[in-house]
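Working notes, structure below.
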Amino acid sequence: MTQLSIRPETPEDRPAVFSVNDCAFPTQLEAELVDRVRAEALLSLVATTKHDVVGHALFTRVRVEGPGPEWTAAALGPIAVQPEFQREGVGGDLIREGLDRCAALGESVVFVLGSPDYYSKFGFVPAAPLDLHYEEASFDPYFMVWAHGEDPIAERTGFVRYHEAFSGV
């Protein structure tokens with residue numbers, strides 16, 4: 001694989017980011033979602049080879065509502081890689097860099113909805129046993145959390161609420 005660079009998204013990257021998300025998913029829903037929430041994103045990273053954007057990872061803010069005080073955390077997704085660069089480690093590099101940058105920003109908790117086999121490689125664990133949930137119980141097998149530092153989710157429970165633009169995606 002050619003040399004990969006990961007950096008924050010710039011305004012000039014927008015068409016390429018849309019294209020990456022459009023090509024990586026079966027519909028344009030994820031690409032359109034990124035456009036809708038970009039301005040409020042916590043972190044938007046691109047993976048590039050030379051000058052071409054080949055991957056994208058979005059981190060947004062979420063609210064956790066529970067029996068105790070409401071709190072905020074970060075969420076990863078969508079993450080997309082151009083089909084010809086998939087299975088070459090681009091997604092993993094974006095995830096690792098994103099988690100490092102979230103930690104540097106003081107974000108100690110990141111949620112993701114996705115494959116447990118894949119995301120566990122990056123330190124994500126099932127959220128349901130920690131009494132952290134996304135929308136309904138049917139999502140529990142795929143809803144995961146990553147925590148950085150000394151037990152940042154101890155005694156915190158509840159339902160994770162994404163930006164309203166995520167509804168239906």
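Derivation of every value follows stated rules applied to the coordinates shown; laboratory data play no part. This is a predicted model, so every value here is computed, not measured. Here the Cβ positions follow ideal geometry from the backbone for every residue, glycine too, while neighbour counts run over all protein chains shown.
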- Task: Taking 7 Å along the Cα-to-C-beta vector as the label spot, tell me the Arg87-Glu70 distance in nanometres, rounded to one decimal.
- Result: 4.4
- Item | Nearest-20 debye value, the chain charge dipole, Cβ charges on Lys, Arg, Asp, Glu | 280
- Query: Can you pull the percent of Cα pairs in segment 63-150 with separation above 23 Å?
  - Reply: 24
- Task: Towards the positive end of the charge dipole of segment 1-125, with charges on Cβ (+1 Lys, Arg; -1 Asp, Glu), say which of Pro8, Ala73, Leu29 has the farthest Cα.
- Result: Ala73
- What the 5 Å binned alpha carbon P(r) of the chain shows, as percent of pairs per bin from 0, is 1, 9, 19, 22, 21, 15, 8, 4, 1, 0
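Which value, in debye to the nearest 20, gives the size of the charge dipole of segment 23-97 about its Cα centre, when Lys and Arg are +1 and Asp and Glu are -1 at the Cβ?
Result for segment 23-97 is approximately 100 debye, rounded to the nearest 20.
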- Task: For segment 1-92, state what percent of all Cα-Cα pairs lands in each successive 10 Å bin, counting from 0 Å until the bin that includes the largest distance.
- Result: 16, 48, 24, 9, 2
- Item | Burial ordering of Val81, Val46, fewest other beta-carbon atoms within 10 Å first | Val46, Val81
- Query: To the nearest 20 debye, what is the magnitude of the charge dipole of segment 77-169 about its Cα centre, counting +1 on the Cβ of each Lys and Arg and -1 on the Cβ of each Asp and Glu?
  - Reply: 120
